[in-house]
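Accompanying notes for the structure given below.
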């Protein structure tokens, strides 16, 4: 979606009072200034939901997290194909990452992948 289209849609949602400003984001790391972004939310959204959405947004901006998510998803796919029990060791995650020859540091990606797998209900043995 183009930026003007997104702004028109946001303007329409605001006029219909479907979304309201939830919070102004504090200074973004490594920014040179400019206006602070506003987080918009549904009127009945809780502060916890707004905070979780902001955390997810920052995660998805990270290239490490996006790679870890792909790695974890391939591991999850293997679990479903082979019918393995829902548990894995941290060492198996590291081996899987090394097999894929990912150009990022393996421990960082492995930690993020382990966290993602844990959120999806997979027991990660450390």
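Entry for region 3-45 at q = 0.18, 0.25, 0.31, 0.33 Å⁻¹: log10 I(q)/I(0) = -0.62, -0.91, -1.04, -1.08, Debye formula applied to identical alpha-carbon scatterers, no solvent contribution. Label-to-label distance, residue 15 versus residue 43, with points set 7 angstrom from Cα along the beta-carbon direction: 1.7 nm. If R0 equals 41 Å, the separation of the Cβ atoms of residue 6 and residue 77 corresponds to a calculated FRET efficiency of about 0.80.
Select from 13, 76, 112 the residue whose mean-square fluctuation is largest in a Gaussian network model of the chain (Cα-Cα springs shorter than 10 Å). Comparing 13, 76, 112 in a Gaussian network model of the chain, the most mobile one is 13.
Note on region 29-126: Kirkwood hydrodynamic radius from all Cα pairs is 15.4 Å, rounded to one decimal.
With R₀ fixed at 30 Å, the C-beta to C-beta distance from residue 23 to residue 111 puts the FRET efficiency at about 0.55. Each part gets one Cα centre, and for region 4-48 versus region 65-80 those centres are 31 Å apart.
Every number in this text was worked out from the coordinates using simple rules, so none of it is lab data. On a predicted model such as this, the values are computed, not experimentally measured, just so you know. Reconstructed Cβ throughout: ideal geometry from the backbone, glycine too, with neighbour counts over all protein chains shown.
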